[in-house]
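Laboratory data are not the source of any read-out in this text; all were calculated from the coordinates shown. This is a predicted model, so every value here is computed, not measured. FYI the Cβ positions are ideal-geometry reconstructions off the backbone, even for glycines, and counts take in every protein chain you see.
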Amino acid sequence: MATKLPKVPVVIVGMGWMGGIIAAELAKAGIKTVGLERGKRRKTEDYFMVHDELRYALRYDLMQDLSRESITFRNTSKMTALPMRTHGSFLLGEGVGGSGVHWNGQNYRFLPYDFQIRTKTIERYGAKKIPDGMQLQDWGITYDELEPYFDKYEKMAGISGDKGQNPMVGKRSADFPVGPMKKTPGIKLFEEAAKKLGYHPYMVPSANLADNYTNPDGISRAACQYCGFCERFGCEYGAKSDPVVTVLPVAEKTGNFELRDLSNVMEVLHTGGRATGVRYINTLTGEEFEQPADVVVLTSYALHNVRLLLLSKLGKPYDPSTGTGVIGRNYAYQVNGGGAQAIYEDREFNLFAGAGALGSCIDDFNGDNFDHSNLPFLHGANIRYTQAGFRPIQTNPTPAGTPKWGKEFKKQSLHYYNRILTIGVQGSSLPWRHHYLDLDPTYKDVYGRPLLRITYDFEDQDREMIKFMATKTIAIANEMKATKTQASNTISNYDIVPYQSTHNTGGAVMGTDPGNSATNTHMQMWDAENVFVIGANAFTHNSGYNPTGTLGALAYRAAEGITKYMQQGKGMIG
Amino acid sequence: MAEEEKDQQPKQPNGPQDESRRKFLKVSGAALGGVVVGGVVGGLIGRNMNQPKQTQPGTPAKPGQQTKDFNQALMYMNAEQFTLTEALAERIFPEDELGPGAKALGVAFFIDHQLAGQWGTNGRDYMMGPFQKAEATQGYQAIFKRHELFSTGLQAVKNYAQQKYQKGVPDLTPEQLDELLTVFEKGQEVQINGLPSSVFFNLLRSSTLEGAYSDPLYGGNKDMQGWRMKKYPGNQMTYMDIIEKEEFVTYEPASLSDHMTQHG
């Protein structure tokens, strides 16, 4: 029997970037909130020993404890989905700050094309360009409408980037609040090569502060030291923007916000199309609580938001056989591949140094920045060279054909450790009718609740895009004054084992039509107006970018929507 | 050893490690001022100011000074398993003119210690059933744990050596060991608990590299020699001064234990 707690105006489920932003904005507006987080509290002091590749990068210290809960996966609905028994393809976070703690900090804005992808694709190429089964849909909001929120988020997080307007991306109302990161020799080689080919390289917008910075909330943080421990690690300097060093302290300082850690939400309680609160378990004691609230805001990771909706029987589950229902619809991922390597026999680079978002990139082949008339795919990829800091266990580069162990392996991997610059491709992932999320019929979590099941595979669209991108990356590598270059241009089936990207999107998408979206553009549920579902679950497709910048903007806009909803007390926010 | 290596290397960019660290702490401490996010930096500065600099318990021995390494004992394996592991790991990462191999780096101790801990018992992995046959894209689905895979893998190696060469593993020539490992890597001849031997081989290979290159606190990478071979600086607090440099910079590596001694 759950202990019933006093009612609060707003309960927020999940204390990562989304939860932190909502908590801070509502708290500043004078609205009392409770934030629930299944994992533990964190602070920068916890990263005293963070320069530990084994513990953090290979033993996943900051990641979700899969012994308690995982997901299941299959490529197609003909297969039996099996549990992800250890971390691989993506790294689910856990604890205060969520995945916002272990991210790299690459911080983009999705393109104007992304938000109106269906309309703009049909305008330029006709409806026939969209293949059968591809559920391309507009987001219900335009880039211009979202621009002020991008700006607000970037000023909070102290995003570092080039001054001036990049012609390949949406128009900015203001420069980045902090100047760009420092340029390494590898970055300069990439930039020069890209320029020579007529492209438009720019410094990756970075949440690793390029300089000391005080944000509009009064939070001061020191500059990144390029120590080379970002992705999979927490930042002991607080130089990498994360919720723990930005929005959460702002929320807590107001006195309007209470954070309860080790509190795992089991279900959203609802009746007659309205949520009444949530039920959660203290993960240490097993004690159950009911937290009544006027408004329930789901801000956990995209996959967990979708699972909680399905477990709570909130919203209509997606049925791939009919294409109806919305919870679980339009799951997408990220398509990486087609990278090229520039190999240098005559020099070594300081590749042990770096930062998660230190790099240069081009968008000349992203979105619809290039003509797809004669191409067998839509959208594209961000092509970049980044220097995140090579760590020695995971980085053992050898030329093609080298054995994987033994004397020759040792010799080559030591020789090439600091001699290879890799140009990467971060490709978009478009939604298909048969890619979706639902509850697994067999596998359960530690509480006996079904795991979330992912049904997903790469498509010809993806394989063709990668083949095309490889021609571009090798062309750039060939201009980088290397001794030799090499590229790979194929991907086969999606495999959950090797790490690829933690950019899982969709499953409760936003839009203007309750027939194909779970929420409106404030991420307010059509089927329960006092529930907001905030996260990458809202993306109708995934762009050729890291998602956090766009998520931040959507969260700031949603915070306004929630505030408005609290004021008017009912109805969908327009 | 450490001294010799140091002499062969170009001088460090920032002077001694301690100094660059202190300089960084001063700079960032000043920048941080009294805000809420002092974190580790704040903690270190505080301790620095309050404590006289002195050698504390746990300080590693000075280079050249021989001390007993109490970490070099076994938590999980028996003596035979340890010998086997050492022999196999040495072939994966052999000693050569570039530097020490797995044996000298303490890799077998590393693997032993890891198998004894939560990784060896899959403590943070999803281990609930049912256990079913998987497609290659679905990853490891076996019911048994890493330590069991490793132990049975060693037994399979022993059996294979006996059957193929009529010898114990320690009596095999390096060439025969390589031949054996190649068979195990391919995974077509030998099955281990119903899995191809390549699953065991991959575990052996990845844990050997982990033992060669992880922080010495785990028992491998002895005296940071793995890092030195790879010109990897280990645990440095800042690369601010070299991040833009064209020329390659070699550091005397630092380990996490430095946090305990200089500033702990």
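Couple of notes before you dig in:
- Legend: mean number of C-beta atoms from other chains within 10 angstrom of residue C-beta atoms, peptide B:243-255, equals 5.
- Spatial separation of Cα centroids for region A:224-294 and region A:95-159, in angstrom: 25
- Derived scalar couplings between HN and Hα for region A:338-354 equal x, x, 10, 10, 9, 10, 10, 7, 9, 7, 10, 10, 7, 6, 5, 8, x Hz in order, rounded to whole Hz, by the Karplus curve 6.51 cos²θ - 1.76 cosθ + 1.60 (θ = phi - 60°), x for Gly and Pro.
- Percent of C-alpha pairs per 5 Å bin, region A:395-522, short to long: 2, 8, 12, 13, 15, 14, 11, 9, 8, 6, 3, 1, 0
- Peptide B:171-183 has a mean shielding of 1, counted as Cβ atoms of other protein chains within 10 Å of each residue's Cβ.
- For region B:204-260: relative contact order, % (alpha-carbon pairs under 8 angstrom, 6 or more apart): 30
- Rounded to the nearest Hz, the phi-derived 3J(HN,Hα) couplings of region A:200-207 under the Karplus curve 6.51 cos²θ - 1.76 cosθ + 1.60 (θ = phi - 60°) are 10, x, 8, 5, 4, x, 10, 8, where x marks glycine and proline.
- Percentage relative contact order, region A:434-574, counting C-alpha pairs under 8 Å, at least six apart: 15
- Shape of region A:56-179 from the C-alpha gyration tensor: oblate (a/c of 1.5 or more and a/b not above b/c, with a ≥ b ≥ c the square roots of its eigenvalues).
- Of A:LYS40/A:LYS444; A:LYS40/A:LYS78; A:LYS40/A:LYS316; A:LYS32/A:LYS313, those spanning more than 29 Å from alpha-carbon to alpha-carbon: A:LYS40/A:LYS78; A:LYS40/A:LYS316
- Relative contact order for region A:1-147, counting Cα pairs under 8 Å that sit 6 or more residues apart, in percent: 20
- Within the protein assembly as shown, antiparallel bridges make up roughly 70 percent of the DSSP beta bridges whose residues both belong there.
- Less than 5 angstrom separates the built amide H of A:ALA332 from those of A:THR505, A:GLY506, all sequence-distant by 5 or more or on a different chain.
- Overall shape: rounded for the protein assembly as shown, with the ratio a/c of the largest to smallest alpha carbon gyration tensor axis below 1.5.
- Residues of type lysines that A:LYS128 reaches as a straight line, Cα spacing below 26 Å, ignoring anything fewer than 8 places off in the same chain: A:LYS120, A:LYS467
- Between amide H atoms placed 1.01 Å from N, distances below 5 Å from A:TYR443 occur with A:LEU451, all of them 5 or more places distant or on a separate chain.
- Cross-link pairs beyond the 28 Å C-alpha cut-off, checked among B:LYS145/B:LYS186; A:LYS240/A:LYS411; A:LYS171/A:LYS570: A:LYS240/A:LYS411; A:LYS171/A:LYS570
- Region A:248-360 shape via C-alpha gyration tensor axes, a/c threshold 1.5: oblate
- Ignoring lysines fewer than eight residues from A:LYS28 along the same chain, the ones with Cα atoms less than 17 angstrom from its Cα are A:LYS152, A:LYS155, A:LYS253, A:LYS564.
- Evaluating 6.51 cos²θ - 1.76 cosθ + 1.60 at θ = phi - 60° for every residue in region B:229-245, the Karplus couplings come out as 4, 8, 6, 9, x, x, 8, 10, 7, 7, 10, 3, 6, 10, 4, 8, 5 Hz, glycine and proline recorded as x.
- Net charge of neighbours whose Cβ lies under 15 Å from the Cβ of B:GLY106, counting Lys and Arg as +1 and Asp and Glu as -1: -4
- Average beta-carbon neighbours from other chains, 10 Å sphere, peptide A:346-356: 5
- P(r), alpha carbons of region A:182-341 - 5 Å bins starting at zero, rounded %: 1, 6, 10, 11, 12, 13, 13, 12, 9, 7, 4, 2, 0
- Between amide H atoms placed 1.01 Å from N, distances below 5 Å from A:ASP457 occur with no residue 5 or more places distant or on a separate chain.
- Cβ crowding within 10 Å, taken as a proxy for footprinting-reagent exposure, orders A:GLU288, B:GLU246, B:GLU86, A:GLU192 from fewest neighbours to most as B:GLU246, A:GLU288, A:GLU192, B:GLU86.
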